[in-house]
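Asks: I am attaching a structure below and will ask some questions about it afterwards.
Read-outs: derived from the displayed coordinates by stated rules, not from any lab. Bear in mind the structure is a predicted one, so any value in this text is a computation, not a measurement. Note that we place each Cβ from the backbone using ideal geometry, even for glycine, and neighbour counts take in every protein chain shown.
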Amino acid sequence: MIFASISIKKNKKEIIMQTEESQKTVKRFFEAIYALKDKKIIRGKQTFTRRYGINRWNFNTLEKEPHRDIFQIAWLTYLISDYNVSAEWLLTGKGEMFVKKKK
């Protein structure tokens with residue numbers, strides 16, 4: 001199911017589309033960011049955005065409006081590769097948020 005919203009911005013119609021599943025993934029992404037902050041692995045959103053060259057305005061806008069079509073898949077890969085966040089959890093919500101490190 002696709003949800004669309006239309007907003008008026010400077011007399012232009014802006015169509016914003018993001019599937020319900022995509023919005024859930026975006027919300028889990030931010031949940032992981034806050035978990036990393038709580039565990040003191042990162043200092044906060046600014047630390048994350050600076051490290052990966054992410055536009056902070058887009059990042060903060062997306063957190064408030066997960067239906068916006070500005071999410072970048074690469075942001076997920078940063079969490080998976082560098083912070084051991086589970087890809088399965090990010091994409092589906094199944095399993096644990098963090099994968100156990102292999103010894």
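Asks: Strictly over 21 Å apart at the Cα level, which of K39/K101; K37/K102; K40/K94; K40/K100; K24/K102 would you flag in this model?
Replies: With Cα atoms farther than 21 Å apart: K37/K102; K40/K94; K24/K102.
Asks: A further question follows. Near F48, within a Cβ-to-Cβ distance under 14 Å, what is the net charge of the other residues, with Lys and Arg +1 and Asp and Glu -1?
Replies: Charge balance in the 14 Å sphere: +4.
Asks: Under 20 °C and 1.002 mPa s, how fast does segment 16-103 diffuse according to Stokes-Einstein, given a Kirkwood radius computed over C-alpha pairs? Answer in µm²/s, whole number.
Replies: Estimated via Stokes-Einstein, D reaches 161 µm²/s.
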